[in-house]
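The values are calculated or read from the model by the stated rules, or taken from the named source; none is laboratory data. What you see is a predicted model; the values in this text were computed from it and never measured. Counting neighbours? That spans all protein chains shown, and the Cβs are built from the backbone with ideal geometry, glycine included. Note: accessible area is taken over every heavy atom of the protein model, side chains too, but ligands, DNA and RNA are not part of it. Shrake-Rupley method; radii C 1.70, N 1.55, O 1.52, S 1.80 Å.
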Amino acid sequence: MKTQLLEDEVLSAMSLSRQYGIFNANLMMLLSDEDKEFIENIQNICLEKEEEIGGTPGHNKLDVYELFPWAGSHGLINRSVEYPHRDDLEIGLKPEILRQWTLDIFNPQLSFAFGASVLAINPIAHHNEGKEPLLNDLKGLLDGKKIGCIGITEPLQGSDAVNMKVKAEKVSDGIVINGEKCYTTNSPKADLCVVYAVYNPEDPRSTMIQGVSHKDWNAGFKAERIGIPSVSKIHIGKTIFEDAHIPTDYITGDNGAGYDILFEGLVPERIGIAAQCVGNMWGAFTLASIYSTVREQFGEKILRHQAVGMSVIAKYHARLNVATMALLKLAETYDAKKEELADIPPTMNPLVATASHMKEYCSFLNHELCYELMHAMGGTGVTDQTKMPLYQGLSEISEVVGGTRNVQLLIGSRTINTMVKMA
Ligand SMILES: Cc1cc2nc3c(=O)[nH]c(=O)nc-3n(C[C@H](O)[C@H](O)[C@H](O)COP(=O)(O)OP(=O)(O)OC[C@H]3O[C@@H](n4cnc5c(N)ncnc54)[C@H](O)[C@@H]3O)c2cc1C
């Protein structure tokens, strides 16, 4: 913020602690005492950091990648996979979602960068087969000492990602890959990339591989930043592999196993994006609701003007609460099933359609809600005086990432076909 436009009292009314207060009040009836304590602990860590950063002006200048080690030391990068080296953290889909919401309100772009590292964490956690180098990567990523990314999308293969062209070739001590990935979140800053490639582009399903490529010992792995103005804090790259080596110990899926892992990974990714949308919306909603009670026009708080208070703020509050409850229900059911059934798959394959439904619904709502609530704040909403542009910016990309709306609807329509056949 170069020029302060709002009065000090208005700015301090929109503090992070007030945002958390409103968020907590909304969740009061939905969470157990244990859950409340869990989010309050994370909120206290974020509030301390908020003070150190210096509020919104600090967030506007922030290099989000500098906060990875801070977050990792508090177990704030991920709570859905077991840590190989820590047993003091609550793990599960519900803790993961609550962690994410708290971080999204704090800084949605930071939280998105963590999310891309988590996309590298998930396959390494599930497919490391006890290999020491992969366990070291997993620990480094969870601790925020390493930054990860996932390379699926290519310049010519977006929605049709399966027909990828990055070429893999077997060598005596592993695999060598050649080709380009794009839109790889974090890749210009990343230490490692979990990357997919195929031995035979004519037969991707039975020849797809997945492996971990490291930048430090791999001169053939390079990344150049792409400009994506709506999320200016996040480094998203064109990622180039030129004879990039993946040693045998870093192969997580070979000879077609990469194809199964690709689909297995998309389920938690989509649930994660849906959760991120909900957290982002809480950020936007809490700011707009505070502002609407401190800003007056025509002698009335703007919340009291029905076109703002009812037609926008109350309307999107209702939709946001419904999306919140849906995600909490999903998380609680999943965690309970995992507890109850010893043999539930560690991955989330049975939730393919649910993940697409959640992602499609929450990302569209995210875009609509942020736009409407930003405008409910008038000119203030579009300035850098508050975190609203950070929430709005994130909402512009959430429909594209993790598969566009049409891809989610395609999965949904195929599910309907299967359901009808099976009934
Ligand atoms: C900010 C950002 C971060 C990203 N991060 C990552 C990352 O970390 N790793 C990674 O691998 N990828 C990442 N992506 C890539 C993202 O997953 C793709 O952009 C997305 O899958 C869409 O691919 P595309 O951009 O090539 O669009 P296209 O596939 O070219 O689609 C263009 C349009 O055509 C529509 N369309 C395509 N096929 C069909 C169909 N069969 N039926 C109906 N409509 C269709 C789409 O819905 C879309 O509207 C990121 C993208 C962005 C913008």
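Miscellaneous remarks
- Length-normalised contact order for segment 259-417 - Cα pairs under 8 Å, 6+ apart - percent: 37 percent
- Three-way shape call for segment 158-232 based on the alpha-carbon gyration tensor, with the a/c threshold at 1.5: oblate
- Computed label-point distance, nm, for sites residue 33 and residue 422 using a 7 Å Cα→Cβ extension: 4.1 nm
- Accessible carbon and sulfur surface of segment 148-255 relative to its total accessible area, %, 1.4 Å: 49 percent
- Label point 7 Å beyond Cα of residue 243 along Cβ direction - residues of segment 140-172 with amide nitrogen under 18 Å: 167-172
- Those residues of segment 13-51 whose amide nitrogen sits under 13 Å from the label point placed on residue 74, 7 Å along Cα→Cβ: 17, 38-51
- Segment 148-255 - share of DSSP beta bridges that are antiparallel (%, nearest 5): 85 percent
- If you take all other residues with their beta carbon under 12 Å from the beta carbon of residue 412, and give Lys and Arg +1 and Asp and Glu -1, the sum is +3.
- Estimated 222 nm signal from helices in the chain, with DSSP H stretches of n ≥ 4 weighted -39500 (n - 2.57), rounded to 500: -17000 deg cm²/dmol
- Separation between Cα centres of segment 96-110 and segment 238-271, rounded to whole Å: 26 Å
- 3J(HN,Hα) from dihedral phi, segment 156-167, Karplus parametrisation 6.51/-1.76/1.60, rounded to Hz, x for glycine, proline: 9, 10, x, 4, 8, 5, 4, 7, 5, 10, 4, 9
- In plain terms, the bigger the Kirkwood radius, the slower the diffusion; for the chain, with that radius from Cα pairs, at 25 °C and 0.890 mPa s, Stokes-Einstein puts D at 111 µm²/s.
- Mean Cβ count within 10 Å, highest first, over the residues of peptides 96-107, 133-144: 96-107, 133-144
- Cα-Cα over 32 Å, subset of 49/131; 165/215; 131/165; 131/233; 49/139; 61/359: 49/131; 131/233
- Projecting the alpha carbon convex hull of segment 8-142 along each direction and taking the average yields 8.7 nm².
- The label-point distance for residue 17 and residue 171, in a model that sets each label 7 Å from Cα toward Cβ, rounds to 5.6 nm.
- Peptide packing: for 368-374, 125-131, the average count of neighbouring Cβ atoms within 10 Å per residue gives the ranking 368-374, 125-131, highest mean first.
- Segment 179-196 and segment 135-149 have their alpha-carbon centroids 15 Å apart.
- Inter-part distance where segment 288-324 and segment 360-400 are each reduced to a Cα centre, Å: 15 Å
- Between the beta carbons of residue 3 and residue 409, assuming R0 = 45 Å, the FRET efficiency works out to 0.55 to the nearest 0.05.
- Electrostatic tally near residue 150: other residues with Cβ closer than 12 Å to its Cβ, Lys and Arg +1, Asp and Glu -1, net 0.
- Point-charge dipole on Cβ atoms (K/R +1, D/E -1) for segment 8-51, about Cα centre, debye to 20: 160 debye
- Overall form of segment 135-279 per C-alpha gyration tensor (a/c, 1.5; a/b vs b/c): rounded
- Net charge contributed by nearby residues that have their C-beta within less than 14 Å of residue 132 (K/R +1, D/E -1): -1
- Residue-normalised accessible area of segment 230-373, expressed per residue, 1.4 Å probe, Å²: 42 Å²
- Shape category assigned to segment 103-189 from the gyration tensor of Cα positions, a/c cut at 1.5: oblate
- Antiparallel DSSP beta bridges within the chain, as percent of all bridges there, nearest 5: 85 percent
- Nonlocal amide H pairs with residue 235, under 5 Å, H built at 1.01 Å: 186
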